[in-house]
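Everything on this sheet refers to the single structure shown next.
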Amino acid sequence: MVDVEPRLEDVEKIRKELEVKLGNIARRIEYVSGAGLIVEVPKDSIRDTVKVVHDELDAYLRVIAGVDERPIKGVFSSYYVFGLDNIGLNIIITTYMDSENPSISTIADIAPSADWYELEMYDLLGIRVENRQLYRFVLPEDWPEGLYPLRKDVAHNIRPPPTPAEKGVITGPRIPVGPYHPALHEPEYFELYVEGERVVDVRYNGFHVHRGIEKLGESRFTYQQVPFLAERICGICGFVHSVCYTQAVENAAKIEVPERAEFIRSIILEVERLHSHLLWVGVACHLLGYDAGFMHAWRIREKTMVLAELLTGSRKTYGINLIGGVRKDINRDKIDTVLKTIKWVEDEFRKLVEVITSVPQVVKRASGTGILPRHEARRYSVVGPVARASGLNRDVRKDYPYAAYKYVSFKVPVYTEGDNLARLLVRVDEIFESINIIRQLLDQLPSGSIMAEDIEIPEGKIGVSSVEAPRGEDIHLVITGKGRPYRWRVRAPTYQNIPALKVMLKDAPLADAPLTIASIDPCFSCTDRVIVVDVSTRKRKIISLRKLVKLEGNGCMI
Amino acid sequence: MYDMSLLKPLKLIRIARRAGVVTVRYPYQPPLITDEFRGRIVIDAKKCIGCGACVNVCPSNALTLIDDGDKRILNYFIGRCIYCGRCADVCPVNAITISKEFELATDKIENLNSRVVHQKSTCCSCGEERVATEKMISYVVSRVPVSEAYAHMGSNCRKRRFVEGLMLGRGMLHVETEK
Amino acid sequence: MLLQVSLIVISFIIIVLLAPVLDGIERKIKAKLHSRVGPPTILQSWYDILKLFSKELVLPEGGYLVPILVGLLYTLVLVTLVLMPYGFPNPLTLGLPDIILLLVLIIALQLLWSASSLVSGNPYATVGVFREVGLGLVNEFFLALGLIAVALVTGSLGFVGLAHMAPPRLAYALILLSLAIACYVASGRIPYDIGEAEPELASGVLIEFSGPILGLALYAHYLKRAILYGLVANLIVLPLYPVLGPVFSVIAFLAAMIVLWIIFAIISIVLARSRIDLAPRGLLKIYLPLAIAYSILGYIGV
C-alpha cells in the first residue's frame, strides 16, 4: 500500500452517515482500501446521492469515469469520485447503465465541475447525459457519429474517414488566442469576445492534442509498459502521471512498495516541481515583457534539469518508475550533489525574486487582475496553486498523503486575494518549500531495496490514487484487467482549472488575458488526453469591428 | 514586500555579472550531458541469443523479432526508441548496453535500423523448425543439465519420444536394434 | 557651408549604415544581461534585414497599399535624416523653422507607421494600432509641448536659435528630460512597446509584414530610433556648437546619440511591459509635473 489510509473511525463515521441518508436507495456501501467508500446506487438516484455527498457532506468532485463493462458485467458503469479532504477519504458513487442505450441524468447543476466529465462520457463512450446540452467535446467535428472510441468493441488503431462537418460562416471580430499564438506553448484555442479592450466572454475549444492515451493504455500496453506511456502525457509533469498510475495499480493490487522506493519517488517528484515552477515563473515574466526574468529563471532551472538527468538518466522522461518500485537508486555522492544544487537554486532564486518583484510594471500588472473569488473556486472545485491563491487550503500531499510525504513536514502556502500575483507568490513559496522537503527526505532516506519482489496483479480490482502535480491535483483511477489495465482514467489538474477561466477572464482587460490564462499554468497536453469540453454555454455577444475601432470596413478572421 | 524604488531593477545587472554566460555554442562546443544520460542502445551481436526478452518489454516496439526463412532477426529501429533502457535491464546475457549517443538524425531511414541475425534451430530428427535460435539452445545447455541432442528436439519429437518411452516402459513397444 | 554639407553627407551615410549595427550591439548587451551568448556578431541585425529582403514578397490583406506605405515611411525617414540638425543647424532646411519641421516630420512618421499596419487588415494589427495611437496621443502631445517650450525659451522656431542663445539652465534641463522620455517612448521601447507586444498580440502592428516589407519596416524602425535619439543628442550638443565648431559638434553628436541609444537599451532591458490602461496614466504622472515645472521656471527665467 502506498497511500496512507484514512483512519478507520473516520471511515466508519462517514459510512454510518451515508447509511442513514442513503440507506433506502444505496444497494451497497462498502469500504475498499486503496480506492475509497464505494456507494452503489441505481442510476435514477444519482442526483439525490450527489446532492447528499456534494452539498451535505461538502465533498469535492474529483473525477468521473465512465467505463464500458459490457464484456465483464454486461452494463456500462460510471464512477463518480468525490473526496473529503479533511479526512483523506474518497467517496466513489457507482452506478450501472443499460448496455443498449446507456443514459444518466446530469449532475452539472449540483456540481458545476461535472460539466466536462459528462460531455466526455457522451463523446467517448456514448452515454447520453440527460437534461443538459450535449455537444462534441474531445473528438474533432468531422469524427463520424455513433463511433465511440472508448468502447471495448472499438479497436484502438482504427482510422475512420472524416465526415464533412457543417461549416458555419464565422463573422464578426474576435481576437483569437490560439491555436497557434506566441503566448501559448501548446495549441489550444481561446476565443475572447471583446468590447474595446474588455473581454466579455471566453470560448475554449481545445483537445487539439488528444492522443487517445487512455485507449492505448487499455489495449496495446502491458502493466509495466504503461508507466512509460503515462510519463509522456505531459511535457513538464510527466513523472507525476507515472507515479499516480503506479500508485493506483499498487493500491488496487495491494502491492507493498519498499520504503526506499517511496522516498526516491518523492524526491524526484519534488525535483520535478522545482523545474516546473521555475519554468512557469520564467513564462510569466516573458508574458509581462520582462525577458530578463525569463532568461534568469530558466538559467536557474537548468541546474535542476541537469540534476534530474543525474538522478534518473534523462532530463524529462525519467523512465525510472515501475509498478512495485523504481529502477534507479540514489547513492551517496549523488546525495551530495543534490544538496549542493538545491542550495544554489535557493540562493539564486531568492535574489531573482527580489529583482522581479521590484519591477513596477510586473507588480502593477499582476495584482488585481484575473481574480477568482473563493466561492467560485469552491464551485468549480479548482485545484493546485489556483485554489491555494483563492483561499482554499487544498494540497493532496497533506489531504491524501502518498509516497513518503507522511514523513516530512512542510507548509502549504495559501493566499486569499485570488489574483495573478497571488498565484505567482504561491508558486514562489512552493519552490522554497520543495527545497525544504527534499532536504528532509534525503536526511531520512532509509536503506533497503528499491523494487518489490513477486508482483501479482489480480483482475477486477479498483484503485484510485492522486498526486500533487505542480499544477494541482492529478488523479488516476484504474480497474485492473488481465495483463493490462481494464480501465485507466486520467484526470490532469488543468482539466479542472480551465472552466474557472470563464470567471477570471470576464470583464478583464484584453491585455491581461494571456497572463491570466498562463497563471493557471495550463498544461494542455495533460488536459487534452481526454475529451475537451467547450467552456461557454451562454450566449455570446459579438461586437462589430465598427464599434471596435470606429472605422469602416470588415475585420477579417484568421 | 515590493520595493518600488526605481533603482532596484538594476540589481539585475549584478545578477547577470555574477552568473556570467551560461549558454554554449552547440554544436561547435560539446553538449552538456551527464554520465547518467541514456542514449541509443548498442546490441552486442556476439552475446545476443535471440531470446526476445527485450522485444517483450519494449514499450514502443522499437525492438522487434522478424522471422525470415530459417533466420530470426532482431531489429532495432531507432525511430521508435524512447531510450528507456528497459531492454538493457532484462537482457539475460547483458548484450545490450546504453550509450550516450543522441545525435542520431539521418536522411536515410535504413541507417536507423540495426539487425542481429540468428540461425533458427531445427529438430535434429525430423527437421521441424523450432521457436528457439541456435544460440538460445547453447545458452540453455550451458546452464541446465540437458543434453544438446535433447535440447535440439522439436516439440513433436519430444512428445513422440516421451510416449515411446512410456510405451517401452509398459512393454508395449519393442525397439528394433540396429543390425 | 560646403564643410557643413559634406559633414552632413558623411554623417548621413554613417547613420544609415550604423543604425542596424547599434541594434546589434543592443542585442549583445541584452544577451549579456540575460547570461547568454546572444547573436554571434553585432552585425546580426544587418544580416536579418538582408535575409528578409531575399525572401519572396507576400502581400497581406491590404494588398499593394501595405508595401507602398512602408516604402513611403522609409522615404520619409531618409528625408528626415537629411533635414535634421547634426550637432549644428542644418543649412539644407533653407531657413525654414526647422523645430516645427522636425516635429511635423516625426509625427508624420508615427502616423505612417500606424497607417501601414492598419491597412493590413488583421485584428491583431488593428488592436496594436489602436493601442499605439492611444499612447501616442499622450506622448506626441508632450513631445510637441517640449519642442515648443524649447522654441519659446530660445526665442526662435529654428534650431539655429539653440546654437546662438544661452537658454535658461534649469528649465532647459527639465525640458531636455521631458523630451528624452518622450523620445524613448516614441521609439517603441519597453515599458511602452505596447503596439508590438509579441506575447500578447502575436507581434501586433508587425504581424502582417513579412519578407522585404518587414525588412524595410524594421530598417525604418531603427532609423527612426536614430532620429529620435539624435534629437535628444542635438539638444545637448547644439548649445555647445559655437564652442566646438562643426567637426567636433558632429563627432559629439554622433557619440551622444550612440551613448543615448545604449543607455535607453539598458533601461528597456531591466523593465517590463506596461499595459494600455496603465501606460497613459503613468506617463501623465511623469510629464505633467515636468511640464508645469519647466513652464514656471522658463517663465521666471531660471
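Per-structure values
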quantity: Long-range amide H partners of A:GLY325 with built H, under 5 Å; calculated: A:ALA452
quantity: Neighbourhood net charge (10 Å Cβ-Cβ; Lys/Arg +1, Asp/Glu -1) for A:LEU322; calculated: +1
quantity: Most fluctuating residue given options C:PRO91, C:PRO20, C:PRO39, as computed from a GNM of chain C linking Cα atoms under 10 Å; calculated: C:PRO39
quantity: Charge dipole of the protein assembly as shown about the Cα centre (unit charges at C-beta), most positive-ward option of C:THR93, A:ALA403, B:ILE66; calculated: C:THR93
quantity: Highest-MSF residue in chain B out of B:VAL42, B:VAL116, B:VAL163 [GNM, Cα springs under 10 Å]; calculated: B:VAL163
quantity: Helix runs (DSSP H) in chain C reaching 30 Å along axis by Cα, Kyte-Doolittle at least 1.0; calculated: C:2-33, C:123-154, C:211-237, C:241-270, C:278-300
quantity: Members of A:LYS482/B:LYS100; A:LYS482/B:LYS71; A:LYS152/A:LYS482; A:LYS16/A:LYS51; A:LYS334/C:LYS32 lying beyond 25 Å, as alpha-carbon distances in this model show; calculated: A:LYS482/B:LYS100; A:LYS482/B:LYS71; A:LYS334/C:LYS32
quantity: Debye, to nearest 20: dipole size of chain C, +1 on Lys, Arg Cβ, -1 on Asp, Glu Cβ; calculated: 680
quantity: Karplus 3J(HN,Hα) series, Hz, for the range A:135-149 with 6.51 cos²θ - 1.76 cosθ + 1.60 (x for Gly, Pro); calculated: 8, 4, 10, 7, 6, x, 5, 9, 6, x, 5, x, 9, 9, x
quantity: Per-residue mean of C-beta atoms belonging to partner chains within 10 Å, peptide C:31-43; calculated: 5
quantity: Per-residue average of Cβ from other chains inside 10 Å of B:51-63; calculated: 2
quantity: Entries of A:LYS343/C:LYS28; A:LYS303/C:LYS28; A:LYS340/C:LYS28 with Cα pairs more than 26 Å apart; calculated: A:LYS343/C:LYS28; A:LYS340/C:LYS28
quantity: Contact order normalised by residue count of the range B:36-120, Cα under 8 Å, 6+ apart, percent; calculated: 42
quantity: Loop-located trypsin sites (Lys or Arg not before Pro) in the range B:1-70, at most 10 other Cβ atoms within 10 Å (DSSP); calculated: B:ARG25, B:LYS46
quantity: Mean residue ellipticity (222 nm) of the protein assembly as shown, computed from DSSP H runs ≥ 4 via -39,500 (n - 2.57), nearest 500; calculated: -14500 deg cm²/dmol
quantity: Cα-Cα over 22 Å, subset of A:LYS254/A:LYS411; A:LYS364/B:LYS11; B:LYS120/B:LYS159; A:LYS351/B:LYS8; A:LYS364/B:LYS8; A:LYS411/A:LYS506; calculated: A:LYS254/A:LYS411; A:LYS411/A:LYS506
quantity: Sorted by Cβ neighbour density within 10 Å, fewest at the top, the residues A:ASP419, A:ASP44; calculated: A:ASP44, A:ASP419
quantity: Residue mean of other protein chain beta carbons inside 10 Å, C:273-281; calculated: 5
quantity: Dipole axis of chain C (+1 Lys, Arg; -1 Asp, Glu on Cβ), positive-most option in C:SER120, C:VAL232, C:ALA217; calculated: C:VAL232
quantity: Dipole magnitude of the range C:1-114, debye to nearest 20 (Cβ charges: Lys/Arg +1, Asp/Glu -1, about Cα centre); calculated: 500
quantity: Fewest-first ranking of A:TYR486, B:TYR150, A:TYR400, using other Cβ atoms within 10 Å as the exposure measure; calculated: B:TYR150, A:TYR486, A:TYR400
quantity: Student exercise, the protein assembly as shown dipole from Lys, Arg, Asp, Glu Cβ charges, in Debye to nearest 20; calculated: 1340
quantity: Fewest-first ranking of A:ARG151, C:ARG169, A:ARG260, using other Cβ atoms within 10 Å as the exposure measure; calculated: C:ARG169, A:ARG151, A:ARG260
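FYI, it's all coordinate maths here, none of it is from the lab. Just so we're clear, the structure is a prediction, and the values are computed from it rather than from any experiment. All Cβ positions, even for glycine, are placed from backbone atoms using ideal geometry, and neighbour counts span all protein chains on display.
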